[in-house]
1. Do you know which residues across the stretch 97-125 are closer than 21 Å to residue 173 by Cα, touching a helix residue (DSSP H, G or I) at 6+ places or on another chain (Cβ under 9 Å) and buried (at least 17 other Cβ atoms within 10 Å of the Cβ)?
2. For residue 46, state whether it is within 16 Å of the chain's Cα centre (by Cα), surrounded by 15 or more Cβ atoms within 10 Å (Cβ to Cβ) and in a loop (DSSP other than H, G, I, E, B).
3. Collect the residues in the stretch 186-198 that are over 18 Å from the mean Cα position of the chain (by Cα) and touching a residue at least 24 places away in the same chain (Cβ under 8 Å), keeping them in residue-number order.
4. From the list 171, 141, 137, 149, exactly one residue is in contact (Cβ under 8 Å) with a residue 24 or more places away in the chain, surrounded by 14 or more Cβ atoms within 10 Å (Cβ to Cβ) and touching a helix residue (DSSP H, G or I) at 6+ places or on another chain (Cβ under 8 Å). Which is it?
5. Out of (1) closer than 30 Å to residue 164 by Cβ; (2) outside any helix (DSSP H, G or I); (3) out of contact with any helix residue (DSSP H, G or I) (no Cβ under 8 Å at 6 or more places or on another chain), what's the single condition that is false for residue 286?
6. Which members of the stretch 26-69 meet the condition of being over 27 Å from residue 273 (Cα atoms), in contact with a strand residue (DSSP E or B) (Cβ under 8 Å, 6 or more places away or on another chain) and touching a residue at least 40 places away in the same chain (Cβ under 8 Å)?
7. Quick check: is even one residue across the stretch 70-89 surrounded by fewer than 21 Cβ atoms within 10 Å (Cβ to Cβ), touching a residue at least 40 places away in the same chain (Cβ under 8 Å) and closer than 20 Å to residue 273 by Cα?
């Protein structure tokens with residue numbers, strides 16, 4: 001029996017690491033026996049889901065799982081979700097998504113979310129932490145049939161200030177799109193380099209390290225007032241806004257703490273959920289553990 005030389009083993013391990021993980025998860029929801037059930041679940045690579053939970057009876061709560069715990073350069077993760085006619089699902093994650101530093105290659109994460117007529121999807125992942133020297137691209141595309149409803153958020157933390165990582169180097173590119181057929185309801189694209197002026201300019205991030213966007217489909221005159229009444233915030237330490245566009249309600253947060261960003265968006269969600277979905281807020285149990 002031959003034994004590999006230590007240097008040869010190291011070369012193999014380096015090659016594997018540089019190749020990155022490729023993972024795909026496809027989830028389908030349909031109404032079965034009066035409640036939303038997971039009728040399709042296919043995955044390749046380290047990406048999966050637990051069974052659905054039902055704290056709200058007919059609505060399915062599902063948690064996305066990524067066992068490696070972080071995304072490194074060369075990794076490519078793709079999530080596809082199809083919510084069937086009149087089905088309702090809430091999808092979240094048990095922990096933050098972490099993008100680690102890169103040796104030059106890009107780490108990618110994409111989500112393709114489709115909601116059929118009269119269906120609803122709440123896409124509420126925990127925050128994304130981008131380490132210094134990371135090279136990141138994320139894309140979320142939502143396709144809604146007429147009568148479908150959606151809300152979702154994206155919270156980003158640049159660096160880890162408590163560990164001395166202030167995101168001095170690196171780049172993140174994001175795209176978040178909401179479509180109905182060929183009509184764009186809301187599109188936002190962001191490209192942010194660590195050394196760009198937008199990091200510290202008053203017209204940009206103003207020196208803050210945490211920013212987030214929360215989008216709900218629909219146009220309701222009561223939405224803006226409801227959110228403003230429900231979300232108190234510290235005007236000296238953070239910024240928050242809510243806007244009613246032609247086809248969507250858009251909330252934005254800018255500050256320095258992910259826990260605070262989650263709290264603010266949860267308050268906005270609690271105000272908007274009865275308006276957009278006709279039900280009161282019921283936070284996933286995983287958020288309370």
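1. Correct list: 124 only.
2. It is false that residue 46 is within 16 Å of the chain's Cα centre (by Cα), surrounded by 15 or more Cβ atoms within 10 Å (Cβ to Cβ) and in a loop (DSSP other than H, G, I, E, B).
3. Across the stretch 186-198, the qualifying residues are 194, 195.
4. 149
5. It is condition (2) that residue 286 fails.
6. Residue satisfying the conditions is 66 alone.
7. Within the stretch 70-89 (the criterion being surrounded by fewer than 21 Cβ atoms within 10 Å (Cβ to Cβ), touching a residue at least 40 places away in the same chain (Cβ under 8 Å) and closer than 20 Å to residue 273 by Cα), the answer is yes, since at least one residue qualifies.
Each value in this text was obtained by applying a stated rule to the coordinates, not by laboratory testing. A quick note: this is a predicted structure, and the numbers were derived from the prediction, not measured. Every residue, glycine as well, gets a Cβ built from its backbone with ideal geometry; the counts of neighbours run over all protein chains shown.
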